[in-house]
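Everything below concerns the one structure shown next.
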Amino acid sequence: MPIISMRRLKGRIRLSGKDTLIKLLVGAVALVLFLVAWQLFADSANTEYLPTPIEVLNAFVDSFSTKDPSSGVTMGKSIESSLSRFILGTFLAIGLAIPLGLAMGFFPLANAFGKPLIEIFRPIPPIAWVPFLFIVAGVIWGPVITIFLGVFFPVLSNVMFGASSVEPQLIDAAKTMGARKPTLFMRVVMPYTIPYLMTGIRIGLGIGWMCIVAAEMIGTRGGGVGAFILNNANIGRYDYMFAGMVMIAILGIVTVESASYIERRVSRWMGAKR
Amino acid sequence: MIALSIRDLVKSFPREVEGDLMAIKDFSLDVEEGEFVCILGPSGCGKTTLLRMIAGLDAPTKGEILVMGNTVRGPGSDRGMVFQEFALFPWRTVRRNIEFGLEIRRVKPEERRKISSHYIELVGLAGFEDAHPYELSGGMKQRVGIARALANDPKVLLMDEPFGALDAQTRNLMQKELLRIWKETRKTVIFITHSVDEACFLADRLVIMTTRPGTIKEVFPITWERPRDRASVEFAALRKRILVELESEVVSGPQRT
């Protein structure tokens, strides 16, 4: 089933300034409570497997200046490896999913051709590909292709759905003004699909982060934040392991939130706010 | 000069089980250049199908449609269409909606701007050039729809229940506005409606269609001066006569062929 954007609907419910402030405060309280609970629990458990938040913070800061003993690189370098693969995989996925999705959404024959293939591959979680990909594609391209798979399908589904759901009246209107097939495609179908594309990208990016961490863990020789987490777990540096998890969370939030922001801006610019 | 000529038009839709559905049968009509014709009929009588065939969006099963003597073989910029649900491009501003047809016809940007400004002014949208459709009221949206159809300078303006989605007051206002725009542009208008009141207020000639298969039941020329007074005795009498004609159709119901 195609994934439809709920965000566009939600965008209409605008909170007043005061409500927003209260919500932010409540959220902050939850965060503080969580940290306190974590601290208390770690203190009482007193096990090396669960460091306290303060220890994790120290390890986090430290990891940028000291080299990881197992891989010999700093956190900065790990982020660089992960991010570059992430960006490469994401761009490849988006670049391929857009033309395929448009074609399959708009041309019934392209749909009939592509659909069976897509339906076979879609249910396979990208992570299930990882062992195979490491054998044939190696430690660098393996994770890239894993991300590619994670981003590709949500973008494809959404673009396809967008292109197939263009209101027939808009097509008719364009035709009565003299538009032929190529023009219809360029000036009606494509712009109509852009908000759907943005939704697909946002969903795909979220899945993409899960994929890269898993992929880097299986082939730790390639480095990256996923490898950083597993390496530190293996040598018993659990505070550093947690620091790696925090880093993944931050990177995930930054990418998905910036994608959401762009999605909202694009939706408004495209006049999709109804 | 005859702007639009419809000759022995037949439209049937193939159906698997019940046999073909005859939507329009033996429909013939000539429309003079500059004439305002309203087509009135019970719902499901094929009014919209008729208009879509004139627009070239659907092909007739039999018969012929000529616009300024040329047979209609598909959509073309000699006919402009206004839709009931506006059908504006949500991602385009008012101005860029109006310029859509001009862009397709590769009119130069300066020329496009001049033309769109003219029609923005004509339909009373000055100041809203850069607004997106979602920012406009229903009446304003349809002003864009009208300007967009006119920007291609079509010979015939096809209007498919253009005010059907508007509230009663806006509707009355838009009818007056349409007459003003029509007087200024002198277009040939084919206006589809199911409102007797609207048809009596607007038309030079009022064509009543039968239920399915739709054909012409009656034609009423209305030669009164405009603006017409809805409260006048003559208006009420005409409205009543037409209502009686229409009701006899609705009661007899559609026939299968």
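Going through A:MET198, A:MET186 one at a time, which residue ends up being within 14 Å of chain B (Cβ to nearest Cβ), touching a residue at least 12 places away in the same chain (Cβ under 8 Å) and either over 30 Å from B:THR48 (Cβ atoms) or out of contact with any Pro (no Cβ under 9 Å at 6 or more places or on another chain) (or both)?
Just one listed residue meets the conditions, A:MET198.
Determine which single condition A:GLY236 fails, assuming it passes every other condition in (1) in a loop (DSSP other than H, G, I, E, B); (2) buried (at least 19 other Cβ atoms within 10 Å of the Cβ).
A:GLY236 satisfies every listed condition except (2).
Which residue, of B:SER77, B:SER117, is at negative phi and more than 10 Å from chain A (Cβ to nearest Cβ)?
Within the list B:SER77, B:SER117, the selection yields B:SER117.
Can you tell me which residue in segment B:84-142 is surrounded by the most Cβ atoms within 10 Å (Cβ to Cβ), limited to those that are touching a Lys or Arg at 6+ places or on another chain (Cβ under 6 Å) and among the β-branched types (Val, Ile, Thr)?
Taking the candidates together, the pick is B:ILE98.
Given the conditions (1) over 30 Å from B:PRO162 (Cβ atoms); (2) among the β-branched types (Val, Ile, Thr); (3) assigned to a helix (DSSP H, G or I), report the number of the one that A:THR183 does not fulfil.
Status for A:THR183: all satisfied but (1).
Report, by residue number, each residue of segment B:152-189 that is within 27 Å of B:GLY44 (Cα to Cα), of a type in the set (Ser, Thr, Tyr) and more than 14 Å from the chain's Cα centre (by Cα).
Across segment B:152-189, the qualifying residue is only B:THR170.
Which pairs turn up if I take residues in segment A:60-75 that are in contact (Cβ under 8 Å) with a residue 24 or more places away in the chain and look for partners that are of a type in the set (Gly, Ala, Ser) and exposed (fewer than 14 other Cβ atoms within 10 Å of the Cβ) with beta carbon separation below 9 Å, at least 6 apart in sequence or on another chain?
So the pair list comes out as A:SER63/A:GLY76; A:MET75/A:SER65.
Among A:PRO168, A:PRO123, which is surrounded by fewer than 15 Cβ atoms within 10 Å (Cβ to Cβ) and either small (Gly, Ala, Ser) or under 23 Å from the mean Cα position of the chain (by Cα) (or both)?
Within the list A:PRO168, A:PRO123, the selection yields A:PRO123.
It is to be established whether one or more residues within segment A:125-138 are out of contact with any strand residue (DSSP E or B) (no Cβ under 7 Å at 6 or more places or on another chain) and under 30 Å from A:TYR192 (Cα atoms).
Yes, because at least one residue in segment A:125-138 is out of contact with any strand residue (DSSP E or B) (no Cβ under 7 Å at 6 or more places or on another chain) and under 30 Å from A:TYR192 (Cα atoms).
If a residue must be farther than 19 Å from A:PHE64 by Cβ and over 15 Å from the mean Cα position of the chain (by Cα), how many such residues does segment A:203-229 contain?
Adding up the residues that qualify gives 6.
Can you report the number of residues in segment B:92-124 which are assigned to a helix (DSSP H, G or I) and of a type in the set (Lys, Arg)?
The number of residues fulfilling the criteria is 5.
Quick test of your reading of the structure: B:ALA55 fulfils all but one of (1) surrounded by fewer than 23 Cβ atoms within 10 Å (Cβ to Cβ); (2) in contact with a helix residue (DSSP H, G or I) (Cβ under 8 Å, 6 or more places away or on another chain). Name the failing condition by number.
With respect to (1) surrounded by fewer than 23 Cβ atoms within 10 Å (Cβ to Cβ); (2) in contact with a helix residue (DSSP H, G or I) (Cβ under 8 Å, 6 or more places away or on another chain), B:ALA55 is out only on (1).
Is it the case, given these coordinates, that B:ARG241 is charged (D, E, K, R) and part of a loop (DSSP other than H, G, I, E, B)?
no
Which of the residues that make up segment A:140-165 are surrounded by fewer than 19 Cβ atoms within 10 Å (Cβ to Cβ) and of a type in the set (A, V, I, L, M, F, W, C)?
A:ILE140, A:TRP141 - these are the residues of segment A:140-165 that are surrounded by fewer than 19 Cβ atoms within 10 Å (Cβ to Cβ) and of a type in the set (A, V, I, L, M, F, W, C).
Return yes or no: is B:GLY145 more than 9 Å from chain A (Cβ to nearest Cβ) and within 21 Å of B:LEU178 (Cβ to Cβ)?
No; evaluated as a whole, the condition is false for this residue.
Where residues in segment A:221-274 are hydroxyl-bearing (Ser, Thr, Tyr) and over 19 Å from A:PRO53 (Cβ atoms), which of them is farthest from the other protein chains (Cβ to nearest Cβ)?
If we take residues in segment A:221-274 being hydroxyl-bearing (Ser, Thr, Tyr) and over 19 Å from A:PRO53 (Cβ atoms), then A:THR255 is farthest from the other protein chains (Cβ to nearest Cβ).
It is to be established whether one or more residues within segment B:187-198 are farther than 23 Å from B:ARG241 by Cβ, at pLDDT 95 or above and part of a strand (DSSP E or B).
yes
Name the residues in segment B:80-104 that are touching a strand residue (DSSP E or B) at 6+ places or on another chain (Cβ under 6 Å) and more than 7 Å from chain A (Cβ to nearest Cβ), would you?
Matches in segment B:80-104: B:VAL82, B:GLN84.
To keep it simple, each residue is scored yes or no on (1) charged (D, E, K, R); (2) surrounded by 13 or more Cβ atoms within 10 Å (Cβ to Cβ).
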position	(1), (2)
A:PHE60	no, yes
A:PHE64	no, yes
A:PRO69	no, no
A:THR74	no, yes
A:ARG85	yes, yes
A:THR90	no, yes
A:GLY101	no, yes
A:ASN111	no, yes
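Go over the candidates B:LYS176, B:LYS217 one by one and state the one that is farther than 18 Å from B:PHE86 by Cβ, assigned to a strand (DSSP E or B) and not aliphatic (A, V, I, L, M).
B:LYS217
Taking segment B:76-86 as the region of interest, how many residues are without any contact (Cβ under 8 Å) to a residue 24 or more places away in the chain and either of a type in the set (Lys, Arg) or over 15 Å from B:PHE100 (Cα atoms) (or both)?
0
The values are calculated or read from the model by the stated rules, or taken from the named source; none is laboratory data. Treat the numbers as computed from the prediction; the structure is a model and nothing was measured. Positions of Cβ are backbone-derived with ideal geometry, glycine not excepted, and every protein chain shown enters the neighbour counts.
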